[in-house]
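The values are calculated or read from the model by the stated rules, or taken from the named source; none is laboratory data. Computed from a predicted structure; not experimentally measured. All Cβ positions, even for glycine, are placed from backbone atoms using ideal geometry, and neighbour counts span all protein chains on display. The protein model used for the area step is the full one, side chains on, heavy atoms only, and it has no ligands, DNA or RNA in it. Shrake-Rupley method; radii C 1.70, N 1.55, O 1.52, S 1.80 Å.
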Amino acid sequence: MSDPLSSTYVSSRTVLDEPHILPLLPLKNVVILPKSIIPIIVGRDVSIRAVEAALSGNRLVFLTAQKEEAIENPSINDLYTYGTVATILQDPVRMPNGALKILAESMYRAKLESLSLDNNYFNAVYTELPSINCTESVELQALWRQLCKIYIAYTKFDERASTHLIENIQTATDIDNATDTIAVHSNLPFDERQIILETVDLHERILLLCKYIQREVDILQTEQRIRSHIQTQVEKSQREYYLNEQMKAIQKELGREDHNSDIEDLRVQAIKLNLSQEAMKRVEKELKRLEQMPPMSSEAGVSRHYIEWILALPWQTSTQDTISIKQAERILSKNHAGLGKIKERIIEFLAAKKFSKNLERGPIICLAGPPGVGKTSLARAIAESMGREFVRISLGGVRDEAEIRGHRRTYIGALPGKILQAMRKAGTKNPVILLDEIDKMSRDVHGDPASALLEVLDPEQNKTFVDHFLDTDYDLSNVMFIATANVIENIPYPLFDRLEILSLSGYTEEEKKLIAQQFLIPRGLKEHSLTKTQFKLNDDLLIRIIDEYTKEAGVRQLERVLTKLMRKTIQLLLDENNPCKNVKITEELLFEWLGHPLFKKTSLTKATKHIGLATGLAWTEVGGDILEIETSVLPGKGNVTLTGQLGEVMQESAQAALSYIRSRAKELGIKPTFHTSKDIHIHIPEGATPKDGPSAGITICISLISALTQKPTRADVAMTGEITLRGRVLCIGGLKEKLLAARQYNFNMVLIPHENENDLKDVRKEVDLGNLIIIPVKTMDDVIQQVFFENPLIAIKEEKKKMRTAKQKTSIKNLA
């Protein structure tokens, strides 16, 4: 080998004794040696600011390693004193997670003296550490040649070593830099790299590096000897045996225990869990297979994963029910306002559970209602009142049966279904599991998840529930399942048949006000660190917010509006120009902060009399609403036009109403041939909103009669009911919401079907309908009598009576 050092080493820079200051960049689990170029990911905010400060200056940073990787905000005591000064070669690259990727070149050693905080990043006060004993000498030559010899031997065992690096060290002229380069490309642990960095004396550094690399050579030689020893004992065709022997030899050489001890630990754990007989057989079978497999094989990983899942499930662990009726009532009232029937049904179930200790088959409750009315939080309150663990499973968008039953172990990455995953998360065999959005499941070529739930929710079958991954029976009979849904019509009937539906209707105006006062406002004040004196909102403005700025069945939008008012209040409290200690929400502030009302509770017309116009009541997912149905009669050929995004059922109601009018045309004073000489146009405003349902039948009929007879209707009367061809008025749904809508729109009278009279009694118990007059009707004659100022049927009868009297008088005169 040629002489690597031909002259005395001379530094290319001037070394200064006084301290320097550079931005500090602490590193985790990596030591940067001089003359090395390395990419660095900078993720901490303080480090990112340090890099930005370096880029705005001379692009130099001080690099040093942390003593402990887990420390996020290291102090000077958490850092190694010795580091390097590096320059940033390229502009950093911004990563998707906000971190920076830089390429840094370490130049020379330096010692950290102190830290100073500047502009939210640390500056390192350091002194340079030039290498000593770098002068050419016989001892240095001997040390260098020994290092080169050992490193060349090392590269014969390590295939990753670069041949280009070997050529460079053989012709090196700068031993100091070449020594650090060898250290960089050697597989040295973190601590040893730090020792190399802190060794300023070149002679000592070369000796240490020789020692470390020679140890690596000895380890690599031992590994090669092990491989050669095993290869001579087995044939090439016996690959499985070869891998097993290789692992045994490695473990023996390293002094590690046999992996069979882990298998024995799993067996002991299975015995302690008191598994079912079938499950224990499967675990024992898999453990025997695992003993015969190489521990690093893929089959061993699958078997171990299967055993660990069985052992992670709660087979015998359960929580003791702490059922107290008063406690349950207190918890339900604390978390939810209103919902009287729902709370009563829940208390009823808890009372039966407490009274009968043999009651194992509990009902599968399904909380059905519009979004935002508190279905999920109600299920959580049930679990809290029973003292059970609560786990939520989201079924929205689930379309694969394997999501419920799990995948078979033959698939790569197979896992149990959501049910067993929830059981593992709960840790007990009797939790409360919420099946959220059960109506949002779909089906595809991978199966029907709703059908898979049939076994889960059937008390007669779920004692022996079989997950495809476990392939053994698991008892779900102790689990209390609660489902939630928005639209129960979307639930398949076999699944619907297993559910006990508890309907949650939308909150009334008074209930929303109570929820806002007791829950939403206190929670918002706590989250925003406001007090009751700093944020004042009276009841009238709260009602106005509910009526004019929200339109929903629940209270989510109301909470958003109240939160916005609180943020605006904080902005006003922090205004330096107009300081104030508290803010009282006024109508002016409400208009300024929230803008114009979005949902005005006003009728579309102010007239007291209508011709061709009738007001109906409708149910929507966000509560009740009104429908103003307009009818125009024009000269034509008997065409009927329906506009306003009407569904098929509502169109059929219009046809039924028209047929009823034709059957009673003479009694109503309408020409029997009107349907051939007149065009009829029926329109329901807000045409962009789809509308459907039969409950607008009598409203459409009244609108048609008014337009055809030119008789005005009363503007203060609203109505709802389905019509038949004979004029009977049939029952409808959503009575509570419709009556509340009539009250909010200031109607004086509401006509409802006579069959809904019993529902009216329940509604009056729940809500205050004020002075609203509610009249049950059986037929269209009853409806006509209440709606028109002048009853067309009575007018026709009187006219016929006058005609008969006139004819009689004429006959008497002729006889005379």
> What is the helix-to-structure angle for 260-272, meaning the angle in degrees between its Cα long axis and the longest Cα principal axis of the chain, kept from 0 to 90 and rounded to the nearest 10?
Replying inline: 30
> For the pair LYS354 and ASP473, what calculated FRET efficiency results from E = 1/(1 + (r/R0)^6), where r is the Cβ-Cβ distance and R0 = 25 Å, to the nearest 0.05?
Replying inline: 0.25
> P(r) tail for the stretch 267-334, what percent of Cα pairs lie past 17 Å?
Replying inline: 55
> For ARG728, what accessible area in Å² do you get when you roll a 1.4 Å probe over the heavy atoms of the protein chains, rounding to the nearest 10?
Replying inline: 120
> Can you give the accessible area of TYR212, probe radius 1.4 Å, in Å² rounded to 10?
Replying inline: 20
> For the stretch 708-772, what log10 I(q)/I(0) values come out of the Debye formula at q = 0.23 1/Å, with one point per alpha carbon and no solvent?
Replying inline: -1.04
>> Which three extents, in angstrom, do the Cα atoms of the stretch 298-424 have along their principal axes, listed largest first?
In response: 56, 35, 23
> If you build the Cα gyration tensor of the stretch 27-131 and take the root of 5 times each eigenvalue, what three semi-axes come out, in whole angstrom, biggest first?
Replying inline: 19, 16, 14
> Can you give the Rg and Dmax of the stretch 656-720 based on its C-alpha atoms, in angstrom?
Replying inline: 12.9, 37
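Just to make sure I understand: if all protein chains stay in place, what is the order of PHE496, PHE535 by accessible area at 1.4 Å, largest first? Don't jump to the answer; show the numbers that get you there.
Values: PHE496 60, PHE535 10 Å².
In descending accessible area the options line up as PHE496, PHE535.
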> Roughly how big is the stretch 627-778's charge dipole about its Cα centre, with Cβ charges of +1 (Lys, Arg) and -1 (Asp, Glu), in debye to the nearest 20?
Replying inline: 680
> Using modelled backbone amide H atoms (1.01 Å from N, in-plane), which distant-in-sequence or interchain residues come within less than 5 Å of LEU27's amide H?
Replying inline: THR64, ALA65, GLN66
>> Taking the solvent-accessible surface of protein heavy atoms with a 1.4 Å probe, what is the per residue accessible area of the chain in Å²?
In response: 53
>> Suppose every Lys and Arg Cβ carries +1 and every Asp and Glu Cβ carries -1, with no other charges. What dipole size does the chain come out with about its Cα centre, to the nearest 20 debye?
In response: 4860
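Kirkwood hydrodynamic radius (Cα pairs, Å) of the stretch 462-545?
After inverting the pairwise mean of 1/r, the radius is 17.8 Å.
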> For the residue pair ASN771 and ALA688, what label-to-label distance in nm results when each label sits 7 Å from Cα along the Cα-to-beta-carbon direction?
Replying inline: 3.7
> Which listed residue (SER303, HIS407, ILE682) has the Cα farthest towards the positive end of the charge dipole for the chain, taking +1 on Lys and Arg C-beta and -1 on Asp and Glu C-beta about the Cα centre?
Replying inline: ILE682
> What length, rounded to one decimal in nm, is gained on full extension from ILE219 through to ARG44, with 0.36 nm per residue of separation minus their alpha-carbon distance?
Replying inline: 59.3 nm
> Ranked by accessible surface with a 1.4 Å probe, highest first, in what order do VAL217, VAL302 come?
Replying inline: VAL302, VAL217
> How are the C-alpha pair distances of the chain spread across 10 Å bins, as whole percents from the shortest bin up?
Replying inline: 2, 9, 12, 12, 14, 14, 12, 9, 7, 5, 3, 1, 1, 0, 0, 0, 0
> In the stretch 694-788, what is the count of Lys pairs whose alpha carbons are under 23 Å apart, counting only pairs at least 8 residues apart or on separate chains?
Replying inline: 8
> Of LYS513/LYS581; LYS281/LYS429; LYS375/LYS513, which pairs sit farther than 23 Å apart, going by alpha carbon to alpha carbon?
Replying inline: LYS513/LYS581
>> Quick check on the chain: helices-only [θ] at 222 nm, where DSSP H runs of length 4 and up contribute -39,500 (n - 2.57) each and the sum goes over total residues. Nearest 500, please.
In response: -13000 deg cm²/dmol
>> If I fit a long axis through the Cα atoms of helix 239-254 and take the longest principal axis of the Cα atoms of the chain, what angle between them do I get, 0 to 90°, rounded to 10?
In response: 60
> Hey, rough spin-label estimate for ASN490 and SER75, points 7 angstrom out along Cα→Cβ, what's it come to in nanometres?
Replying inline: 5.7
> What aspartates and glutamates could a cross-link reach from LYS463, if we take a straight Cα to Cα line under 17 Å and drop same-chain neighbours fewer than 8 places away?
Replying inline: GLU278, GLU360, GLU455, ASP471, ASP473, ASP475
> Taking a 1.4 Å probe, which of VAL42, VAL268 shows the most accessible area, and what order do the others take after it?
Replying inline: VAL268, VAL42
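For the stretch 486-612, which whole-number percentage of the solvent-accessible area (1.4 Å probe, protein heavy atoms only) is attributable to carbon and sulfur atoms?
Heavy-atom surface of the stretch 486-612 belonging to carbon and sulfur, 1.4 Å probe: 50 percent.
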>> Order 138-149, 541-552 from most to least packed using the mean count of other Cβ atoms within 10 Å.
In response: 541-552, 138-149
>> Largest first and in whole Å, what are the equivalent-ellipsoid semi-axes of the stretch 397-542 based on the Cα gyration tensor, each being the root of 5 times an eigenvalue?
In response: 41, 19, 15
> Hey, could you pull the Cα Rg and Dmax for the stretch 544-601, both in Å?
Replying inline: 12.7, 41
> What FRET efficiency, computed as 1/(1 + (r/R0)^6) with R0 = 41 Å and r the Cβ-Cβ distance, is obtained for ASN578 and LEU103, rounded to the nearest 0.05?
Replying inline: 0.20
> Exactly which GluC sites (Glu not before Pro) in the stretch 419-489 are in a DSSP loop and have at most 11 other Cβ atoms within 10 Å?
Replying inline: GLU460
> Accessible area of LYS354, 1.4 Å probe, to the nearest 10 Å²?
Replying inline: 110
> Taking Rh as the Kirkwood radius computed over C-alpha pairs, what is the Stokes-Einstein D of the stretch 492-632 at 10 °C in a medium of viscosity 1.306 mPa s, expressed in µm² per second?
Replying inline: 88
>> Kirkwood Rh and Cα-based Rg: tell me the resulting Rg over Rh for the stretch 52-92, rounded to two decimals.
In response: 1.04
